[in-house]
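Report on the structure given below.
Every read-out reported here was derived from the displayed coordinates using simple, explicitly stated rules and does not represent laboratory data. Fair warning: this is a prediction, and the values are worked out from it, not measured in the lab. Cβ placement follows ideal geometry from the backbone for every residue including glycine, while neighbour counts extend to all protein chains displayed.
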Amino acid sequence: MEDILERVPFYLTILSTICGGVTVALLGGIAIWTFRDIRARSRDILTHILATLLVIVMPVIGLVVYLMLRPRETLSDAYERSLEQEALLQAIEEPEICPGCGQRVRGEYLYCPACHTRLKRSCPECNHPLHLNWTLCPYCGASVTPQALEPVPAAIQEVASAEDTAPDT
Ligand SMILES: [Zn+2]
Ligand SMILES: [Zn+2]
């Protein structure tokens, strides 16, 4: 019995060493996780250091504060979003697909030469082709009322079929 009592300080030392080790490992893990996380969300080195220090100095509260304050979007998310926006802008310029027949049509076509579907209308001010649902001309700023798809007048249908036989430029 005395033998065990003598060994108590020894066990306590081992126990505190284990507890200390686990705490250090956890702290290190949290710090590394935070550093990686903030690096994915910000390019600012000062922000990286401050965020990592925050969770090291106040292990639990710091992490909660960090999770509340960190930038919502990661850098790769922001990059993807900018790519999407670019693709959207390009779609305005690029050849388009006719919703009526699936043929590729040029962006400036007002009517599909194959099936006579109305694709665009021209701006009343500057005559640039506008999407039917646009409410403002992006070329001259004239406000226009969006139009629903409407049947093609016969006269324009003839023009459209004439364009159909014309060589593609
Ligand atoms: Zn068509
Ligand atoms: Zn215009």
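Around the amide H of Cys123, modelled in the peptide plane, lie the amide H atoms of His128, Leu130, all under 5 Å away and 5 or more residues distant in sequence or on another chain. Amide H to amide H distances under 5 Å link Tyr111 with Leu119, Lys120, where only residues 5 or more positions off or on other chains count and H is placed in the peptide plane. Highest-first packing order for the peptide set 120-129, 7-16, 31-40, 133-142 is 31-40, 120-129, 133-142, 7-16, based on the mean count of other beta carbon atoms within 10 Å. The phi-based Karplus calculation (6.51 cos²θ - 1.76 cosθ + 1.60; θ = phi - 60°) puts the 3J(HN,Hα) values of the stretch 133-145 at 9, 6, 10, 8, 6, x, 8, 10, x, 5, 7, 10, 8 Hz, whole numbers, x for Gly and Pro.
Summarising the amide proton neighbourhood of Val144: residues at separation of 5 or more, or on other chains, whose placed amide H is nearer than 5 Å comprise Leu136, Cys137.
Averaging the sequence gap over all C-alpha pairs within less than 8 Å and six or more residues apart, then dividing by the number of residues, gives the stretch 1-145 a relative contact order of 10 percent.
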